[in-house]
């Protein structure tokens, strides 16, 4: 059989290149398909749900006012028909802490003797559980990505600034609660010592309900629990949907990108593999005819071709799976940490199904033309294995010959018309490649804005200055010290003082976080979805959730209650601020300023262009001294991973598209070897031959570029919209058209680059071929 | 035997050998001179090396050793690009199977070499039309080669070979694919061209063609010159 395979496939440069192309195409497409499928499965297959089920997540975390309900009454709620399981009560406290003088934030700390339990089985990701007072376990994602200078490795010490005596705790473990029941845990005996002197004791109960599919169902279930307890016992609750929304957060943003790339990658894989493999068989028809004439059976011919194509294809598929796993790993490991799962990996079935599917695709792509060729009579096979049908493309040649362009160029431009089917496949390959490039660059710009938007949820400005002591607000002397240091620091472009009170909003039962800026803050760079940044007293900007929850729109007015003072404000803009909490942004004056009790909580700083935030931070840190803390913000690691993943997938799609072009042009040059010999005999120089061959792809590439621009805009726009929906926010309209028409036009030329890169190699080979040999070719 | 004066030498082949792989040389230590305006027939049985010799003169192939000088230019050491430029300026080629480009019209086929040397389209068109008229196939100028008879195709090939007024016309079995009557017509055409001063080298295994239409016959056997300078 080996001899038959060798005879059927033939040898020589073209065959070796086709083998290499099959291998590389299958390597790249299997890798991208594995990556895309894995990310899709992991992301859309519900990693939160998986983690939720594994950790027996709470459908509702219910806050209890312990002065109104006894433990017996609370225990009785677990027997309600709606409740399937309950845990608690766990004593909880809100504590602010710092580490080494730098503020670490405020977290809910719960007293729990052990991580396990019937509900909210907390996963220990590092270290161990707290076993004695003075120890604390912190949530793995606490402070993650915030860019603050607080890091909490095992063994580090934190100081609870809101508790009397500022007790110090040692971090002994890191853990994750899928339902965010707490941000830190201590032994129950420790908790009273962590509570602020003025705080009331509160507990939380964790429930799993019989029906909790929707927020409405959870609300109804909690209402039953509330009814079963004395009035005022239930202080509030958090449904699992809130935790899901927060956990999905950034990962959901990437899902539409991955889906779009997966579809493009898979479609391109099918197209190129079919083209390459089918092309190998079709270009071998003449040989098939010869082999049949010397006695090979149709089955032998078919089997020989499948074997020949199968070897590089299987090798490419197997290595592609390995490569795909390597590419998916960084995103999956990030996802695992987000969801509190020990590991996330490419599902085994993806590793099995993807190469099998690709091999099956190769088999079908090769089988159909091989069977058709084997059924031809020997004479027919030899005849159809010759050059393209006569008559095709003649008109194009005649018309293009009249153009005032060098003759090799016009001949090259007319060549695709001789093989319309093959040209269509080449056009589709270039189209996919060009669309991928346009789509990726456009989305990269969008993702960059999303990253910046997410950054503003952590702290407006690139650098913030906060108090480092126990008091979360600046004293007068600290303000003067901060302003002096910031003003003197080279690289400061703008800074503004910010207060962050909570305000009551008409129609909302819970107070809303507000950021009030003492001065011009337009440069903070909040992206506007609609409307404009506030420009005077009485104007506010809000995020999407604020509008959703209040039912208001930009242009409406609403009443704010701040420190017992009512004021009417006009909503003048909707800012991009992806969060599930409403937010209000306004001026210091709108909220009444210092007279209304506003105090500076932090200074937001934006740096001059080109200034390194890290270097700036080092300098400012020295100037501020130990009493003031600082946060330096950068885009999160996730966006870096996502951007590099998009870049890698784009490159792979572009390479596969280039290989598709290479294969098509290779088939073309092989078919036209004799004509190329004639051209050279007539005096066409090697460079002219190369130019002519490269021009074969110019028309399809230009057509692809023209189609790719609207295709990429549509795809990019809808993907960004899906991304925004996943993040639970509206996005500025400008994001969907982040690239100018000129940018798009220039980027669309990437189609020409892909096509030229694919055609250059066969063009060079054609130019280097020996003329006398080419003239002898049939 | 040197039959030409040095000043008139158009082609000078000196001790040229061409060997493919490790086999016997296709052309073995051949030396030959062809004068301006001469019509030389290279004869020999199949596989004797006559087409290889023609390819070496045209610069389509390079000698393994020896030198090939055409119109004072050592073509054996030219680059591929320089060889291509040499061919389009100085050489016209006619092939046994015409080697016309099927997807170009007769006119476009003829104009192509002129356009490759940079002749403006209008002038190339005038020259091609003139040649087609001289060769009596002007009525087929917009036809495609596949629709023409063998003789008509060879006339188109001759027109294409002449479009740049080459110093040398090389013809590889120009009547080999034609019936005897058409072959005779083509032979007469070539003779007429030679009479007007066109130097040419005809490769043929037909003694009739050689004797009737060439002024000198060189016979190649097993890659070596068996007889040279036999004037007809």
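Of all the numbered requirements in (1) part of a strand (DSSP E or B); (2) within 13 Å of another protein chain (Cβ to nearest Cβ), residue B:169 misses one, and that requirement is (2).
Within the stretch A:305-322, restricting attention to residues that are at pLDDT 90 or above and surrounded by 20 or more Cβ atoms within 10 Å (Cβ to Cβ), the residue that is farthest from residue A:279 (Cα to Cα) is A:321.
In the set A:461, A:468, only one residue is in contact with a helix residue (DSSP H, G or I) (Cβ under 8 Å, 6 or more places away or on another chain), buried (at least 19 other Cβ atoms within 10 Å of the Cβ) and at pLDDT below 70; that residue is A:461. Restricted to the stretch B:59-73, and to residues there that are farther than 12 Å from residue B:27 by Cβ and in contact with a helix residue (DSSP H, G or I) (Cβ under 6 Å, 6 or more places away or on another chain), the residue that is farthest from the other protein chains (Cβ to nearest Cβ) is B:67. Restrict the check to the stretch A:623-640 and report whether at least one residue is closer than 30 Å to residue A:488 by Cα, assigned to a helix (DSSP H, G or I) and at pLDDT below 80. Scanning the stretch A:623-640 turns up at least one residue that is closer than 30 Å to residue A:488 by Cα, assigned to a helix (DSSP H, G or I) and at pLDDT below 80.
Condition check ((1) more than 13 Å from the chain's Cα centre (by Cα); (2) surrounded by fewer than 22 Cβ atoms within 10 Å (Cβ to Cβ)) across all residues:
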site: B:167; (1), (2): no, yes
site: B:171; (1), (2): no, no
site: B:175; (1), (2): no, no
site: B:179; (1), (2): yes, yes
site: B:188; (1), (2): yes, yes
site: B:206; (1), (2): yes, yes
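Quick check: anything in the stretch B:178-188 in a loop (DSSP other than H, G, I, E, B), without any contact (Cβ under 8 Å) to a residue 12 or more places away in the chain and over 24 Å from residue B:50 (Cβ atoms)? No, that holds for no residue. Looking across the stretch A:665-722, the residues that are within 10 Å of another protein chain (Cβ to nearest Cβ), part of a loop (DSSP other than H, G, I, E, B) and either under 23 Å from residue A:268 (Cβ atoms) or in contact with a strand residue (DSSP E or B) (Cβ under 9 Å, 6 or more places away or on another chain) (or both) come down to A:682, A:683. Summed over the stretch A:588-600, the residues that are surrounded by fewer than 21 Cβ atoms within 10 Å (Cβ to Cβ) and closer than 19 Å to residue A:532 by Cβ give a count of 1.
Within the stretch A:550-587, restricting attention to residues that are more than 17 Å from residue A:504 (Cα to Cα) and modelled with pLDDT of 90 or more, which residue is surrounded by the most Cβ atoms within 10 Å (Cβ to Cβ)? Looking at the filtered set, the residue picked out is A:574.
Can you find even one residue in the stretch B:16-36 that is in contact with a strand residue (DSSP E or B) (Cβ under 6 Å, 6 or more places away or on another chain), on the phi > 0 side of the Ramachandran plot and crowded, with 16+ Cβ neighbours inside 10 Å? The answer is no, given that none of the residues of the stretch B:16-36 is in contact with a strand residue (DSSP E or B) (Cβ under 6 Å, 6 or more places away or on another chain), on the phi > 0 side of the Ramachandran plot and crowded, with 16+ Cβ neighbours inside 10 Å. Residues that are surrounded by fewer than 22 Cβ atoms within 10 Å (Cβ to Cβ), within 14 Å of chain A (Cβ to nearest Cβ) and in contact with a helix residue (DSSP H, G or I) (Cβ under 8 Å, 6 or more places away or on another chain): does the stretch B:127-134 have at least one? Taking every residue of the stretch B:127-134 in turn, none turns out to be surrounded by fewer than 22 Cβ atoms within 10 Å (Cβ to Cβ), within 14 Å of chain A (Cβ to nearest Cβ) and in contact with a helix residue (DSSP H, G or I) (Cβ under 8 Å, 6 or more places away or on another chain). The set of residues from the stretch A:167-200 being modelled with pLDDT under 80, touching a strand residue (DSSP E or B) at 6+ places or on another chain (Cβ under 7 Å) and surrounded by fewer than 16 Cβ atoms within 10 Å (Cβ to Cβ) comprises just one member, A:199.
Taking residues in the stretch A:402-422 that are surrounded by fewer than 17 Cβ atoms within 10 Å (Cβ to Cβ), and partners anywhere that are modelled with pLDDT of 85 or more and part of a helix (DSSP H, G or I), the pairs with Cβ atoms closer than 6 Å and at least 6 places apart or on different chains are A:403/A:410.
State whether one or more residues within the stretch A:382-399 are assigned to a helix (DSSP H, G or I), more than 14 Å from chain B (Cβ to nearest Cβ) and modelled with pLDDT of 75 or more. Scanning the stretch A:382-399, I find no residue that is assigned to a helix (DSSP H, G or I), more than 14 Å from chain B (Cβ to nearest Cβ) and modelled with pLDDT of 75 or more, so the answer is no. Put simply, of A:489, A:481 the only residue that is at pLDDT 80 or above, surrounded by 16 or more Cβ atoms within 10 Å (Cβ to Cβ) and out of contact with any strand residue (DSSP E or B) (no Cβ under 8 Å at 6 or more places or on another chain) is A:489. Just so you know, in the stretch B:135-147 the residues that are crowded, with 16+ Cβ neighbours inside 10 Å and more than 13 Å from every other protein chain (Cβ to nearest Cβ) include one that is nearest to residue A:394 (Cα to Cα), and it is B:140. Selection over the stretch B:74-121 of residues that are in contact with a helix residue (DSSP H, G or I) (Cβ under 8 Å, 6 or more places away or on another chain), more than 9 Å from chain A (Cβ to nearest Cβ) and in a loop (DSSP other than H, G, I, E, B) gives a count of 3. Look at residue B:124 and say whether it is crowded, with 23+ Cβ neighbours inside 10 Å, within 11 Å of chain A (Cβ to nearest Cβ), touching a strand residue (DSSP E or B) at 6+ places or on another chain (Cβ under 7 Å) and not in a loop (DSSP other than H, G, I, E, B). For residue B:124, the condition - crowded, with 23+ Cβ neighbours inside 10 Å, within 11 Å of chain A (Cβ to nearest Cβ), touching a strand residue (DSSP E or B) at 6+ places or on another chain (Cβ under 7 Å) and not in a loop (DSSP other than H, G, I, E, B) - is not met. The number of residues in the stretch A:750-775 being free of Cβ contacts under 8 Å to residues at least 24 places away in the same chain and more than 9 Å from every other protein chain (Cβ to nearest Cβ) comes to 1. Screening residue B:116 against (1) within 24 Å of residue A:677 (Cα to Cα); (2) surrounded by fewer than 23 Cβ atoms within 10 Å (Cβ to Cβ) leaves a single unmet condition, (2).
Among strands (runs of 3 or more DSSP E) entirely within the stretch A:58-128, having at least 3 residues that are crowded, with 19+ Cβ neighbours inside 10 Å singles out A:60-65, A:83-99, A:102-111.
Within the stretch B:51-58, identify whether any single residue is modelled with pLDDT of 90 or more, under 20 Å from residue A:773 (Cβ atoms), surrounded by fewer than 22 Cβ atoms within 10 Å (Cβ to Cβ) and more than 11 Å from chain A (Cβ to nearest Cβ), and answer yes or no. No: zero hits. Candidates in the stretch B:84-103 are the residues that are free of Cβ contacts under 8 Å to residues at least 60 places away in the same chain and surrounded by 24 or more Cβ atoms within 10 Å (Cβ to Cβ); of these, the one that is nearest to residue B:150 (Cα to Cα) is B:103.
The values are calculated or read from the model by the stated rules, or taken from the named source; none is laboratory data. Just so it is clear, the structure is predicted and the values come from calculations on it, not from any experiment. No Cβ is skipped: glycine too gets one built from the backbone with ideal geometry, and neighbour counts run over all protein chains shown.
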